[in-house]
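What follows is calculated from the coordinates using simple rules that are stated; it is not laboratory data. Model, not experiment: these values are computed from the prediction. Heads up, the Cβs are rebuilt from the backbone with ideal geometry, glycines too, and the neighbour counts pull from every protein chain shown.
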Amino acid sequence: MPKAKIVRVEPLNPSEEAIREAAEILKSGGLVAFPTETVYGLGADAFNPEAVLKVFKVKRRPLDNPLIVHVSSLDMLQQVASEVPERVVKALSIAWPGPLTVVVKRKSTLPEVVSGGLDTVAVRSPAHPVALKLIEAVGRPLAAPSANIAGRPSPTRAEHVVEDLGDEIDMILDAGETFFGVESTVVDLVSPSPQILRPGPLGPEELEKIFGVKFGLPPYARGLSSYEERPPSPGMKYRHYAPSKKLVLVEKGSCDTTTYFEFLMKQLESYLKDFPALIATKETVDEVRSKLGDSLTYFTLGSRENLFEVAKNLFSTLRILDKYGRVSIAISESVEERGIGLAIMNRLRKASSERITCKQK
């Protein structure tokens, strides 16, 4: 049995007793995993540096990789952030609660360890009743990265938290599967020009509508390059989301659909002796299966017409992959980089051991 006490709660109407017990653990410096609309978070009192350090320790997380602070309201934002412009407050009144993290100036009273020693802080207000009620019960912001060992696929179910951290934390609030399945969009509002630091459920189009400005999308935000400096938010510098088995991402590149499928088939055929798995949309799985039959293992993420479904299933699929004994390598197709597809490709690029790109002849 894991050390952590696991309490099942209704996602929309969680038990007051369970929330109160979890809040007391957090107030006393303990660690509690809880659901958000994106992934499960590992919470600690953001103003308790010893508790925050425990988060880094149990996750095996580098100390220069900042944590996201979770608040329950715009008023609570003022406890951790300074110099928040009125236009940002107005935008957040639209976007929060929701899967949007903003990097703003850190208030000096917030422990530096939360932000990796930077003068900025990443903050969001999660759109999940359990998370919001827990933060309100504690009465203070929670520092809460994803509730997994650093580098592993993020947890979208309580059992994923148990697998990684069940013996090292105090309590897990189990409200079933999360909604989006990938982490929040992170934007930098401190730099002269707004930037997307990590893509998530809110894409560039939605951000422009909310803030009234265009956001830059640097190569590192797409997972195409690494961020070499001290990162202002999670998901920028280190390899993340990776299964223990080799993952080869086959990118579409400049190829048309037909050429890309032929290229993907050649990659699969070259690995047949290694008992490969294919991670792909339903449409691609069906087409490959009609040609290669049962010579490989198939993991279906969802329809390419519903990238939210694909995103929701991504991390759980990568975790299932690790449990398939006969599979030694997985080949993943790419998806279109639009909307949440940007987040999917960011996660796949950071999770992959190797990337192969199709080039139109």
query: Between the helical axis of 129-138 and the dominant principal axis of the chain, each derived from Cα atoms, what acute angle in degrees is found, rounded to the nearest 10?
result: 30
Dipole-positive endmost among Tyr324, Val69, Ala51 within the chain (Cβ charges, Cα centre): Tyr324
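Highest first, please rank the peptides 60-70, 244-254 by the mean number of other Cβ atoms sitting within 10 Å of their residues.
60-70, 244-254
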- request: Could you point to the residue in Ile25, Val250, Val114 farthest towards the positive end of the chain's charge dipole, with +1 and -1 charges on the Cβ of Lys/Arg and Asp/Glu respectively?
  value: Val250
message: Only Cα pairs within less than 10 Å get springs; with that Gaussian network setup on the chain, which residue of Asp286, Asp274, Asp75 has the largest fluctuation?
response: Asp75
field: Cα gyration tensor, the stretch 246-357 - rounded (a/c under 1.5), prolate or oblate
entry: rounded
message: Under a Cβ-only charge scheme (Lys and Arg +1, Asp and Glu -1), can you give me the dipole magnitude of the chain about the Cα centre, in debye to the nearest 20?
response: 800
- prompt: When the chain is modelled as a GNM with alpha-carbon springs shorter than 10 Å, which of Val55, Val88, Val187 fluctuates the most?
  reply: Val88
query: Within the chain, what percent of beta bridges assigned by DSSP are antiparallel, to the nearest 5?
result: 35
query: How far, in nm, would the chain grow between Lys105 and Asp286 when pulled straight, counting 0.36 nm per residue and subtracting the alpha carbon separation?
result: 60.3 nm
query: Is the shape of the stretch 1-116 rounded, prolate or oblate, going by the alpha carbon gyration tensor and its root eigenvalues a ≥ b ≥ c, with a/c under 1.5 for rounded and a/b larger than b/c for prolate?
result: oblate
- prompt: If you place +1 on the Cβ of every Lys and Arg and -1 on the Cβ of every Asp and Glu, how big does the dipole about the Cα centre of the stretch 246-357 come out, in debye to the nearest 20?
  reply: 460
query: For the pair Glu336 and Ser254, what calculated FRET efficiency results from E = 1/(1 + (r/R0)^6), where r is the Cβ-Cβ distance and R0 = 22 Å, to the nearest 0.05?
result: 0.95
message: Using a 7 Å offset from Cα along Cα-Cβ at Ile149, what residues in the stretch 1-15 end up with backbone N under 17 Å from the label point?
response: 2-4
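Would you work out the charge dipole size for the stretch 101-227 about its Cα centre, treating the Cβ of every Lys and Arg as +1 and the Cβ of every Asp and Glu as -1, and quote it to the nearest 20 debye? Mind showing how you got there, number by number?
Working: 12 positive and 16 negative charges, 129 e Å.
Dipole of the stretch 101-227, to the nearest 20 debye: 620 debye.
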field: Residues in the stretch 329-361 that a label on Ser270 would reach, taking backbone N under 20 Å of a point 7 Å out along Cα→Cβ
entry: 329-335, 349-361
message: Cut-off 10 angstrom, C-alpha nodes, Gaussian network model of the chain. Which of Gly302, Gly212, Gly200 fluctuates the most?
response: Gly212
field: 12 Å Cα-Cα reach of Lys282 towards aspartates and glutamates, excluding residues that sit fewer than 8 places from it in its own chain
entry: Glu305, Glu309, Glu333
- line: The helix 307-323 Cα axis meets the longest alpha-carbon principal axis of the chain at an angle in degrees, between 0 and 90 and rounded to 10, of 80
- prompt: Once both axes come from the Cα atoms, what is the angle between helix 86-95 and the longest principal axis of the chain, in degrees from 0 to 90, rounded to 10?
  reply: 60
